Amino acid sequence: MSALAAAFDYTIQWSVGGNYSDWSATHPVSVGDTVVFKYAPPHTVAQLSSEAAYKACNLGSKVFLDSSGGTGFTFDEPGTWYFSCVTGSHCARGQKVAITVTGSSVRSPAKPEGNSAAAPVAGAAGVAVKLALGLLGVGGALLAAF
Ligand SMILES: [Cu+2]
């Protein structure tokens, strides 16, 4: 915990109608920070494989998918990461976000946080290792994190 004492947590209220196009311009995420998506059904959080997939809403490229209602990502590498809802036309309607992460890589072990474990979809191994991925239970670790 002490190693993450300086980390910052961001919450994204995730819905159709939110404007996420310039999210990273106003939310400076650094390596070690956590971004938590909070949402209700039928929304989902998918990590997309590339900027091209993000721009085109190519949801078949997803490398991770969750629908728990509270999906947290702790970034351990700099870069830009792409997320979208995969429900209906939500991506085309703007429910997608590109998160730019700055700073130096932290090669700490990636381990789940919270009280629910998610299995990345098949084929995710190559990208999943870049994220220390934790699903934060709405009543559990999420509250503890704040
Ligand atoms: Cu949605």
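Computed from the coordinates by the stated procedures, all read-outs in this text should not be read as laboratory data. Being a predicted model, the structure only gives us computed values, none of them experimental. Cβ coordinates were reconstructed from backbone atoms using ideal geometry, including for glycine residues, and neighbour counts include every protein chain displayed.
Listed values, structure above:
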read-out: Using θ = phi - 60° and Karplus 6.51 cos²θ - 1.76 cosθ + 1.60, couplings along segment 15-23 (whole Hz; Gly, Pro as x); value: 7, 6, x, x, 10, 10, 5, 10, 4
read-out: Gain upon complete extension [Ser21, Ala56; 0.36 nm per residue less C-alpha separation]; value: 11.2 nm
read-out: Other-chain or far-sequence residues with amide H under 5 Å of Tyr10's (modelled H); value: Thr34, Val35, Val36
read-out: Gained length - Thr80 relative to Thr100, 0.36 nm times residue gap less alpha-carbon distance; value: 6.8 nm
read-out: Cα centre as origin, Lys/Arg/Asp/Glu Cβ charges: segment 1-111 dipole, Debye; value: 240 debye
read-out: Karplus 3J(HN,Hα) series, Hz, for segment 52-62 with 6.51 cos²θ - 1.76 cosθ + 1.60 (x for Gly, Pro); value: 4, 5, 5, 5, 8, 6, 7, 6, x, 8, 4
read-out: Residue-wise HN-Hα coupling along segment 99-104, computed from phi with Karplus coefficients 6.51, -1.76, 1.60 (Hz; x: Gly, Pro); value: 10, 9, 10, 10, x, 9
read-out: Amide proton proximity set for Thr80, modelled H, under 5 Å, gap of 5+; value: Val101
read-out: Long-range amide H partners of Tyr20 with built H, under 5 Å; value: Lys96
